[in-house]
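The values are calculated or read from the model by the stated rules, or taken from the named source; none is laboratory data. For clarity, every value in this text was computed on a predicted model and none was experimentally measured. Positions of Cβ are backbone-derived with ideal geometry, glycine not excepted, and every protein chain shown enters the neighbour counts. Side chains are part of the model used for accessible areas, which takes the heavy atoms of the whole protein and leaves out ligands, DNA and RNA. Shrake-Rupley method; radii C 1.70, N 1.55, O 1.52, S 1.80 Å.
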Amino acid sequence: MRTLPVMLLLALAALLCFPDSLVRAGTLLSVVSARRAPTIDGQLRTNEWAGFTAATGFETLEGGGLAETQPVFYMTFDADRFLVAVCVPRSSGSELRSNTTDRDGALYNDDSLELFLQPDPDSTTYYQFAVNAGGTVLDAKGQDVGWDAEWDVRTRGTSASWSAEFAIPWQAVGCAKAPGTLGFNVAWNCRSGT
């Protein structure tokens, strides 16, 4: 089984917590390759993501400190794609905000998730892939939202949580295959008070 070291470089909104240790930006994580890739349908099935790297520990941007509600994200990869799943708990009765319906719109104003990938940690080039709870997407190379890639993401919501599953082809981020090290960050925009 192959592993991919993932370095958390873009410390925008995430801090990872693992049992008995705190993992901060700049730390290498080992991500295990998928013998059988999960189905990208927005529904996180435990048996599909079991055994892959899992993390949580999101910080707030205002004032720092851990967010009261903690999403969990999972990572794996195969020969063709980097795969990420995120499960965001919801407060009872909360209404998810997903007003943005245009591709590459202001998803940060909605309940949304953003992934940042940096295939070459020595380069300043990075890629952003985002989705709101309603399934509207944004992709950008650096800050160029005019850049579009072929990738897949699916969302699903229940009364208890909402989730997203991402499949980002290595070719979409300029790689012929999985890179030796990948800069990575996940950000969660909470607008519904979950």
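Taking 0.36 nm per residue of separation and subtracting the Cα-Cα distance, what length does fully extending ALA79 through SER30 add?
The span from ALA79 to SER30 would gain 16.0 nm if fully extended.
Show LYS141, LYS177 ordered by accessible area, largest first, where the area counts protein heavy atoms only and the probe is 1.4 Å.
The ranking, largest first, comes out as LYS177, LYS141.
Distance from a point 7 Å along Cα→Cβ of ASP120 to each backbone N in the range 156-179: keep the residues under 14 Å and list them by number.
Within reach of a label on ASP120, which here means backbone N under 14 Å from a point 7 Å along Cα→Cβ, the range 156-179 contributes 173-177, 179.
Do me a favour and compute the ellipsoid semi-axes for the range 31-135 from its Cα gyration tensor, root of five times each eigenvalue, largest one first, whole Å.
23, 19, 16
Distance from the Cα centre of the range 33-67 to that of the range 93-121, in angstrom?
16
Express the accessible area of the range 59-194 per residue in Å², computed with a 1.4 Å probe while the remaining protein chains stay in the model.
Here the per-residue accessible area is 45 Å².
Work out how much length ALA50 to THR101 would gain on full extension: take 0.36 nm times their residue separation and subtract the Cα-Cα distance, in nm to one decimal.
15.1 nm
In the range 156-178, whose amide N lies under 17 Å from the spot 7 Å out along Cα-to-Cβ of SER91? List them in ranges.
159-162
Tell me the carbon and sulfur percent of the accessible area for the range 48-194, rounded to whole percent, probe radius 1.4 Å.
44
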